[in-house]
Structures are given as C-alpha cells and as structure tokens.
Amino acid sequence: MTDTIDALPEPPVGHVKVVYLGPVAPHWDFMSDFGDSGHIEQFKARVEARLLLLPPHDPQFRRNRERVNRDAERENLLIDWDLGYDEEEEESEGDGVRGR
C-alpha cells in the first residue's frame, strides 16, 4: 500500500486561440479569453516564432503545431486552432479513401 495521493489536475491558467488569417503573411493571429497577459504574450511570442512564415499546408506545419500543443500542455494553457476549414474532413480526404 502506498501513501501517494493522485494530484488533481490544476485548472488551466489561460486560453489561446490560434487563427489562420490567410495565404498572405502574417498568416496567424492570436486571441485569449483569460489568463495572465504577460504569460500569454510570452507564449504567443514563442508560437509566432514557430509559425511565422508557415501556412497550414506546409509540411513543417504539422510538426510545429504538435510542438505548440505540447508547449501549451506543459504550461497548462488551453489552446484552440482555427485553420478556416474542417480538419476532420481534410484528414478523411487525405487518407487515400476516394468518394464513389
């Protein structure tokens, strides 16, 4: 028997929404509903560095997006992405299954 108590997950410290603006740079905008503005601005600066000239159709985007998601998780931030299209529909089209 162990005396460890499972730590309850802490509530998120902030929220960031990353929005794709279009094919002309700057491609990205960032919005926040709540959280310390200094913390959000620091996170935003790091995300901008990863995504600066990277539209969603670039092969590097998927890797950098995963890095951004891991960073947000580590910092206990909620993150949402608005790429301007339904991502589930895009994935189903790209899996090699064609319509009849």
Worksheet entry | Selection status of Val16, at pLDDT 95 or above and not acidic (Asp, Glu) | yes
Worksheet item: Restricted to segment 39-55, and to residues that are out of contact with any helix residue (DSSP H, G or I) (no Cβ under 8 Å at 6 or more places or on another chain) and not in a helix (DSSP H, G or I), which residue is surrounded by the most Cβ atoms within 10 Å (Cβ to Cβ)?
Response: Leu52
Worksheet item: In segment 23-41, how many are under 22 Å from Phe61 (Cβ atoms) and either without any contact (Cβ under 8 Å) to a residue 24 or more places away in the chain or under 12 Å from the mean Cα position of the chain (by Cα) (or both)?
Response: 6
Item to complete: Only residues that are more than 27 Å from Pro11 (Cβ to Cβ) and in contact with a Phe, Trp or Tyr (Cβ under 8 Å, 6 or more places away or on another chain): list them for segment 22-51, please.
Response: His27
Fill in: segment 62-81 residues that are on the phi > 0 side of the Ramachandran plot, paired with ones that are not hydroxyl-bearing (Ser, Thr, Tyr) (beta carbon under 9 Å, 6 or more apart)
Asn76/Pro9; Asn76/Glu10; Asn76/Pro11; Asn76/Pro12; Asn76/Val13; Asn76/Gly14
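The values are calculated or read from the model by the stated rules, or taken from the named source; none is laboratory data. It should be emphasised that the depicted structure is a prediction, and the values quoted were computed from it without experimental measurement. Cβ atoms come from the backbone with ideal geometry, glycine included; neighbour counts cover every protein chain shown.
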